[in-house]
Amino acid sequence: MTSIVANMHPSAKPEEVRAALEQLEAYVSQGCPGMPAPARASLSTVLGYTRQLEGDLSDLELLYNMTVEASTSLENELSMRYDAITSFLANTSHELRTPLNAVIGHSELVMEELADDDNHRHDQDLLRIRDAGKHLLALINGILDLSKIESGHVELCPEDIDVSALVRDCVANVRPLARVNQNQLDVNLSPAVGMVHGDPLRIRQCVLNLLSNACKFTKAGRIGVAVCRQTDSRGEWVVITVQDTGIGMTPEQLSRVFRPYAQADIRTSREYGGTGLGLAFTRSLCECMGAEVHATSELGTGSVFTMRLPPRLRARVS
Ligand SMILES: Nc1ncnc2c1ncn2[C@@H]1O[C@H](COP(=O)(O)OP(=O)(O)O)[C@@H](O)[C@H]1O
Ligand SMILES: [Mg+2]
């Protein structure tokens, strides 16, 4: 009650309001000497309402306290569950990763041994085993990465980074991927970009996700990578743009592209593979670093993914 009254009447102290009410009540109980009858009736009505309001406010205060208490205990409960899920995933992923790596490794080994004997009869089956294993492994790694970020268990190690050098390095990494689909890779790094302060490993992961998508969803096309500095009303940014002339997306597909497991449609996921976790991971990572990632796209024409980094990224996950 005290805090509500104080909030509603910032200039009057609750005790002053209560004292004024009591004085008025005493005056009414004495029959309001000197006051005309209609005014007396109105005053008693107002006083009645005020007392009722005071009761309602007191109930509200009780309700407010109960809600705060419930939400705090819910928050604690959720945080405990998150921790349990994360440690469960960390343990399970280890248990799953080891045998999966064995499945992948052995299927390749058997394939090589049979090839030495010029036996290719089981190649299709062995390839299927290997690819299914690889897909499952990518899925497990993706789920773990995402759950780590979402439960705040990601560590950031910021340092001064030459963004152009970082992007140039990422581009060198994906050149073989671009070549597989006969894509041309054009790089435009503005020399004046300079440094940002952030975690190079995490920024690299994001850039590589965008680049590998561009290489994957573009065939015999062009992929443009640019880095520049921009200033807007919110301040200065280093902007990394990955543009492609690939399959593009409908507005509806684009609207859910950053959601976990979201792939354009069944045909796309069948044709291009993947887990649908890369962009969800990229967005979560950007959010926890204080960066941004956006996309525009047109079906059949291509897509543009833009990452915007403030000069000083967050050093700690909030
Ligand atoms: N450059 C792109 N061009 C067209 N579609 C894209 C592009 N990047 C992402 N997408 C769409 O967004 C989906 C999600 O991407 P992502 O999270 O990286 O998952 P994955 O690559 O494993 O499918 C992709 O399956 C695809 O449908
Ligand atoms: Mg991807």
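The values are calculated or read from the model by the stated rules, or taken from the named source; none is laboratory data. Treat the numbers as computed from the prediction; the structure is a model and nothing was measured. Ideal geometry is used to build each Cβ from the backbone, glycine not excepted, and the neighbour counts take in all protein chains shown.
Output yes when any residue across the range 270-279 is loosely packed, with under 15 Cβ neighbours inside 10 Å, within 22 Å of Ala220 (Cβ to Cβ), within 9 Å of ligand 1 (Cβ to nearest atom) and not charged (D, E, K, R), and no when none is.
There is at least one residue in the range 270-279 that is loosely packed, with under 15 Cβ neighbours inside 10 Å, within 22 Å of Ala220 (Cβ to Cβ), within 9 Å of ligand 1 (Cβ to nearest atom) and not charged (D, E, K, R).
So how many residues does the range 182-221 have that are buried (at least 16 other Cβ atoms within 10 Å of the Cβ), within 18 Å of Gln243 (Cβ to Cβ) and not aliphatic (A, V, I, L, M)?
The total comes to 10.
Could you name every one of the helices (runs of 4 or more DSSP H) located completely within the range 223-316 that has at least 1 residues being in contact with a helix residue (DSSP H, G or I) (Cβ under 8 Å, 6 or more places away or on another chain) and within 16 Å of ligand 2 (Cβ to nearest atom)?
By residue number, 266-272, 278-289.
Given the residues Ser147, Ser107, which is the only one that is within 26 Å of Gly274 (Cβ to Cβ), in a helix (DSSP H, G or I) and either modelled with pLDDT under 85 or touching a Cys at 6+ places or on another chain (Cβ under 8 Å) (or both)?
Ser147
In this structure, is Arg204 within 16 Å of ligand 2 (Cβ to nearest atom) and not aromatic (Phe, Trp, Tyr)?
Considered against the rule, which asks whether it is within 16 Å of ligand 2 (Cβ to nearest atom) and not aromatic (Phe, Trp, Tyr), Arg204 comes out as yes.
Pairs under 9 Å by beta carbon, first residue charged (D, E, K, R) in the range 8-28, partner modelled with pLDDT of 75 or more, six or more apart or different chains?
Note: pairs meeting the criteria are Arg18/Glu54; Glu25/Leu47; Glu25/Arg51.
Among the residues of the range 219-262, which ones are within 7 Å of ligand 1 (Cβ to nearest atom) and on the phi < 0 side of the Ramachandran plot? Let's see the steps before the verdict.
Residues of the range 219-262 within 7 Å of ligand 1 (Cβ to nearest atom): 244, 246-249, 253, 257, 262.
Within the range 219-262, Asp244, Gly246, Ile247, Met249, Gln253, Val257, Ala262 meet the criteria.
Tell me, please, whether a residue that is within 30 Å of Gly152 (Cβ to Cβ), surrounded by 11 or more Cβ atoms within 10 Å (Cβ to Cβ) and over 26 Å from the mean Cα position of the chain (by Cα) can be found in the range 114-123.
No, the range 114-123 has no match at all.
Going through the range 139-180 one residue at a time, which ones are in contact with a Phe, Trp or Tyr (Cβ under 7 Å, 6 or more places away or on another chain) and at positive phi?
Once the filter is applied, which keeps residues that are in contact with a Phe, Trp or Tyr (Cβ under 7 Å, 6 or more places away or on another chain) and at positive phi, the range 139-180 yields nothing.
Per-residue answers, yes or no, for (1) modelled with pLDDT of 90 or more; (2) surrounded by fewer than 11 Cβ atoms within 10 Å (Cβ to Cβ); (3) closer than 22 Å to Ala26 by Cα:
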{"residue": "Gly48", "(1), (2), (3)": "no, no, yes"}
{"residue": "Gln52", "(1), (2), (3)": "no, yes, yes"}
{"residue": "Leu57", "(1), (2), (3)": "no, no, no"}
{"residue": "Thr67", "(1), (2), (3)": "yes, yes, no"}
{"residue": "Ala70", "(1), (2), (3)": "yes, yes, no"}
{"residue": "Glu75", "(1), (2), (3)": "no, yes, no"}
{"residue": "Met80", "(1), (2), (3)": "no, yes, no"}
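Going by the conditions given, is Thr92 surrounded by 11 or more Cβ atoms within 10 Å (Cβ to Cβ) and touching a residue at least 60 places away in the same chain (Cβ under 8 Å)?
Taking the combined requirement at face value, the residue does not satisfy it.
Since Pro191 meets every condition but one in (1) more than 26 Å from the chain's Cα centre (by Cα); (2) assigned to a helix (DSSP H, G or I), which condition does it not meet?
Unmet condition: (2).
Quick one: how many residues across the range 32-69 are more than 41 Å from the chain's Cα centre (by Cα) and not small (Gly, Ala, Ser)?
Total meeting the criteria: 16.
Which of (1) in contact with a Ser or Thr (Cβ under 7 Å, 6 or more places away or on another chain); (2) away from ligand 2 (no atom under 16 Å from the Cβ) is the odd one out, the single condition Asn209 does not satisfy?
So the condition that Asn209 fails would be (2).
Just a yes or no: is a residue in the range 306-314 under 19 Å from Ala178 (Cβ atoms) and surrounded by fewer than 21 Cβ atoms within 10 Å (Cβ to Cβ)?
Within the range 306-314, not a single residue is under 19 Å from Ala178 (Cβ atoms) and surrounded by fewer than 21 Cβ atoms within 10 Å (Cβ to Cβ).
Which one of these does Ser212 not meet: (1) more than 12 Å from ligand 1 (Cβ to nearest atom); (2) touching a residue at least 24 places away in the same chain (Cβ under 8 Å)?
The failed condition is (1).
Can you say whether Ser255 is without any contact (Cβ under 8 Å) to a residue 24 or more places away in the chain, within 19 Å of the chain's Cα centre (by Cα) and closer than 30 Å to Asp131 by Cα, as far as the supplied structure shows?
yes
Would you mind finding the one in Ala192, Ala132, Ala172 that is farther than 30 Å from Glu236 by Cβ and not hydroxyl-bearing (Ser, Thr, Tyr)?
Being farther than 30 Å from Glu236 by Cβ and not hydroxyl-bearing (Ser, Thr, Tyr) holds for just one of Ala192, Ala132, Ala172, which is Ala132.
Anything in the range 285-297 that is out of contact with any Ser or Thr (no Cβ under 9 Å at 6 or more places or on another chain) and surrounded by fewer than 21 Cβ atoms within 10 Å (Cβ to Cβ)? List them, or say none.
The one that is out of contact with any Ser or Thr (no Cβ under 9 Å at 6 or more places or on another chain) and surrounded by fewer than 21 Cβ atoms within 10 Å (Cβ to Cβ): Glu287.
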